[in-house]
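Undergrad: Following this message is one structure expressed as structure tokens.
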Amino acid sequence: MQKSRLDKFLISHLSLSKREVRLMLAQKRVHVDGQFALDIAAQINKFSLIEIDGNTLQKNDSIYIMLNKPIGVISATKDKSHKTVIDLISHPQKAMLHIVGRLDLNTSGLILLTNDSQWSEKLTQPKSKVAKVYHVTVQNKLTTDYIYAFEQGMYFDYEDITTKPAKLIILSDYTAQVSLTEGRYHQIKRMFGRFQNPVTKLHRSKVGNLSLDPILTVGDSRSLSSEEVANIALS
Ligand code: URA
């Protein structure tokens with residue numbers, strides 16, 4: 001998370017000189033997260049609670065939301081022609097949210113939103129290897145060849161990369177569960193495209209250790225518990 005120095009924050013927010021800020025700290029007038037702040041070089045972030053003489057100067061709560069995204073809603077914060085995932089959320093600070101790993105317009109299921117960029121980076125960075133699980137329906141019959149091809153990885157010349165090993169479990173002739181640890185553009189559709197097998201339905205059910213809450217009907221959302229936030233990327 002981006003950090004900044006407490007003294008710089010106070011200088012700019014209170015239009016004070018460096019000397020005045022030093023004095024304020026020495027007089028124990030500043031609290032950061034409930035503790036006296038005495039060090040001018042103390043580091044703060046956008047979620048630090050900062051109080052002066054008992055009055056709040058900064059209070060930003062971290063927000064973590066899961067949404068059951070419907071088909072036809074766009075994974076964007078603003079759009080001219082489609083309803084966005086933000087439009088479906090009723091949180092009072094929803095304008096501060098960003099999306100953690102987009103889903104295509106015609107993909108449904110678990111999508112996460114937060115204002116905590118450190119958390120979202122941890123989930124989306126390739127090195128963190130957080131698995132995303134999808135239920136896939138295809139047009140043509142599946143065969144066991146798919147399992148090997150997904151496991152081996154596929155070369156995408158546009159990005160000049162080979163996809164990381166993906167786990168495919170055949171559930172029925174036309175349905176499979178696919179688990180990816182990365183999120184390339186239209187990745188699942190492109191991987192089935194190698195078999196000339198169009199994806200007709202795509203639904204994300206899980207990100208890391210977090211499953212889409214079955215209580216959430218399509219279009220509904222809820223806040224994550226602190227355990228869910230902490231455990232999502234634990235392997
Ligand atoms: N792969 C896709 O092709 N689309 C998605 O929305 C997610 C993964």
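Undergrad: Skip the ligands, DNA and RNA, and give the accessible area per residue of segment 64-231 with a 1.4 Å probe, whole Å².
TA: It amounts to 54 Å² per residue over segment 64-231.
Undergrad: Give the distance, in whole Å, between the Cα centre of segment 99-123 and the Cα centre of segment 137-173.
TA: About 23 Å separates the Cα centre of segment 99-123 from the one of segment 137-173.
Undergrad: Near the amide H of residue 76, under 5 Å away, which other amide H atoms are found, from residues 5 or more places off or on another chain, if H is placed in the peptide plane?
TA: So residue 76 has HN proximity to 85, 86.
Undergrad: Something else: Per DSSP H run of at least 4 residues, take -39500 (n - 2.57); add these up for the chain, divide by its residues and hand me the 222 nm value, nearest 500 deg cm²/dmol.
TA: -5500 deg cm²/dmol
Undergrad: For segment 66-83, what does the Karplus curve 6.51 cos²θ - 1.76 cosθ + 1.60, with θ = phi - 60°, yield as ³J(HN,Hα) per residue in whole Hz, taken in order and with x for Gly and Pro?
TA: Couplings: 10, 10, 8, 6, x, 5, x, 9, 8, 7, 8, 8, 9, 7, 6, 10, 10, 5 Hz.
Undergrad: For segment 4-58, state the average projected area of the convex hull of the C-alpha atoms over all orientations, rounded to one decimal in nm².
TA: Taking a quarter of the hull surface, the average projection is 3.1 nm².
Undergrad: Right, next: Any idea of the accessible area per residue across segment 4-58, 1.4 Å probe, to the nearest Å²?
TA: 61 Å²
Undergrad: Can you run phi through the Karplus equation (6.51, -1.76, 1.60; θ = phi - 60°) for segment 138-143 and list ³J(HN,Hα) in whole Hz, with x for Gly and Pro?
TA: So the Karplus estimates, Gly and Pro as x, are 10, 7, 10, 4, 7, 10 Hz.
Undergrad: Taking H as built 1.01 Å from N, whose amide H comes closer than 5 Å to the amide H of residue 64, not counting residues under 5 places away?
TA: Excluding prolines and chain starts, which carry no amide H, the hits are 224.
Undergrad: Return the single residue from 36, 150, 192 with maximal mean-square fluctuation; model: Gaussian network over the chain, springs between Cα atoms under 10 Å.
TA: 36
Undergrad: Sequence gap at least 6, Cα distance under 8 Å: using those rules, report the relative contact order of segment 64-231 to the nearest whole percent.
TA: Dividing the mean separation by the residue count of segment 64-231 yields 30 percent.
Undergrad: With the chain treated as a Gaussian network of Cα nodes joined by springs under 10 Å, which of 106, 55, 209 yields the largest mean-square fluctuation?
TA: Looking only at 106, 55, 209, the largest GNM fluctuation is found for 55.
Undergrad: Can you pull the semi-axes for the chain, root of five times each eigenvalue of the Cα gyration tensor, sorted largest first, whole Å?
TA: Semi-axes (√(5λ), whole Å): 45, 19, 15.
Undergrad: Among the listed pairs 28/94; 127/167; 18/94; 80/189; 28/59; 3/132, which are separated by more than 28 Å between their Cα atoms?
TA: Working: 28/94 35 Å; 127/167 17 Å; 18/94 35 Å; 80/189 25 Å; 28/59 19 Å; 3/132 30 Å.
Over 28 Å apart, Cα to Cα: 28/94; 18/94; 3/132.
Undergrad: Over all pairs of distinct alpha carbons, what does the Kirkwood formula give as the hydrodynamic radius of segment 35-142, in Å?
TA: 16.7 Å
Undergrad: I'd like the antiparallel share, as a percent to the nearest 5, of DSSP beta bridges with both residues in the chain. Numbers along the way, then the final one.
TA: Details: 44 of 48 bridges.
Here the antiparallel bridges make up roughly 90 percent for the chain.
Undergrad: While we're here: Over the chain, with every protein chain in place, what whole percent of the accessible area is carbon and sulfur at 1.4 Å, could you tell me?
TA: C and S atoms contribute 51 percent here.
Undergrad: Residue by residue, what Karplus-based ³J(HN,Hα) values in Hz, rounded to whole numbers, does segment 216-221 have, using 6.51, -1.76 and 1.60 with θ = phi - 60° and x for Gly and Pro?
TA: Values per residue, Gly and Pro as x: 6, 7, 4, x, 8, 9 Hz.
The values are calculated or read from the model by the stated rules, or taken from the named source; none is laboratory data. The shown structure was predicted, so the numbers you read here are calculated from the model rather than taken from an experiment. Each accessible area value is taken on the protein alone, full model and side chains, heavy atoms only, with ligands, DNA and RNA left out. Shrake-Rupley method; radii C 1.70, N 1.55, O 1.52, S 1.80 Å.
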